[in-house]
Ligand code: SAH
Ligand code: SF4
């Protein structure tokens with residue numbers, strides 16, 4: 001973590017700092033609130049004495065992010081943002097509107113080292129992990145841009161959250177704090193490609209978030225052909241970690257399955273998948289795969305996906321097909337940044 005990054009400090013750390021500086025305790029709460037609401041400078045902290053603002057400015061940076069590009073869907077209310085970080089790196093966030101409010105999909109890393117064959121985010125490997133303040137910044141900058149309050153967050157943008165474990169857990173602590181954005185952990189989902197040690201560690205945190213597993217295949221042969229991570233931690237090991245997670249947290253797991261024509265959409269795949277997940281407290285989300293120009297994968301037609309979905313439900317596995325939002329603005333992760341840095 002960057003030691004000068006004041007937005008990534010939690011309330012206890014800020015309180016200790018304020019005490020060390022001989023300031024009254026309540027200042028910590030005031031400052032924390034300003035920071036978590038996404039101020040871009042100390043000058044916005046109008047109820048903090050100028051001397052204290054100067055003192056903070058001398059020792060700590062306020063991490064800011066700038067909107068580099070904004071794409072608005074014309075078929076639904078989805079908005080895609082390309083944000084520039086303080087070192088010029090680019091990340092993507094997607095704002096989606098649902099009946100129950102606004103949901104944002106944020107990035108946790110610049111690039112990704114996992115290198116899944118169907119994904120645009122990992123094409124150039126990992127550049128760096130994001131700070132907690134940079135994950136928060138995607139939410140606060142978007143809220144300010146639209147004049148809205150975001151009520152749901154999904155960690156499903158660029159990057160592998162469990163490959164940036166400490167910063168992601170710190171972000172979860174900050175974003176759900178009642179003096180901060182106060183977004184309940186039950187309204188947050190974290191998606192992982194299956195970093196098994198991270199799943200065990202996350203279970204120990206006992207946070208009531210929703211864990212999504214990007215499973216995408218029912219066996220090692222197919223999964224390893226799509227996801228390098230499967231060669232390190234195979235399907236059996238991954239499912240064992242998921243069962244442990246459910247036991248420790250009591251939370252239902254969501255399995256993501258991007259359906260790719262001729263790769264993982266056969267009847268046999270549906271059968272194997274149902275055998276794998278039988279009896280687990282889980283839900284399967286089928287995603288029509290988004291073609292990425294670097295690979296030759298194809299999205300199956302709607303009827304094939306529906307048949308796959310019906311089959312799983314018939315086998316007793318709770319399955320739905322994910323609604324596709326923002327299909328006219330490359331709303332799936334990595335695609336916009338990819339175009340920008342080409
Ligand atoms: N690294 C994490 C979270 C970010 S990826 C993970 O892999 O889970 C978010 C989701 O988008 C994952 O389920 C991923 O498998 C999926 N995804 C990536 N590229 C896709 C594509 N071209 N079509 C459909 N889904 C894709
Ligand atoms: Fe990384 Fe997730 Fe993309 Fe795989 S799917 S390369 S883990 S962002």
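Read-outs: derived from the displayed coordinates by stated rules, not from any lab. Predicted, not measured: the structure shown is a model, and the values here were computed from it. Cβ atoms come from the backbone with ideal geometry, glycine included; neighbour counts cover every protein chain shown.
Summary of values
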read-out	value
Paired Rg and Dmax values of the stretch 172-244, which use every Cα atom, in angstrom	14.5, 48
Potential lengthening between residue 236 and residue 315 on full extension [0.36 nm per residue; Cα-Cα distance subtracted]	26.5 nm
Cα→Cβ-extended label distance, 7 Å offset, between residue 37 and residue 323, nm	3.2 nm
Full-extension gain in nm, residue 280 to residue 205, via 0.36 nm per residue minus C-alpha separation	24.9 nm
Stretch gain in nm, segment residue 307-residue 70, where the contour uses 0.36 nm per residue and the Cα spacing is subtracted	81.7 nm
Three principal axis lengths of the chain [C-alpha, angstrom, descending]	69, 42, 36
Cα centroid separation - the stretch 177-250 against the stretch 79-140, whole Å	18 Å
Per-selection metrics, the stretch 56-138 (Cα): Rg and Dmax in Å	14.7, 47
Equivalent ellipsoid semi-axes - Cα gyration tensor, the stretch 1-64, angstrom	15, 14, 11
Whole-number D in µm²/s for the stretch 130-284 (Stokes-Einstein; Kirkwood sum over Cα pairs; 10 °C, 1.306 mPa s)	96 µm²/s
GNM flexibility winner over the chain from 136, 95, 126 (Cα, springs under 10 Å)	126
Relative frequency of Cα-Cα separations exceeding 27 Å in the stretch 40-183, percent	25 percent
Fraction of the pair-distance distribution of the stretch 103-172 above 13 Å, Cα-Cα pairs, percent	63 percent
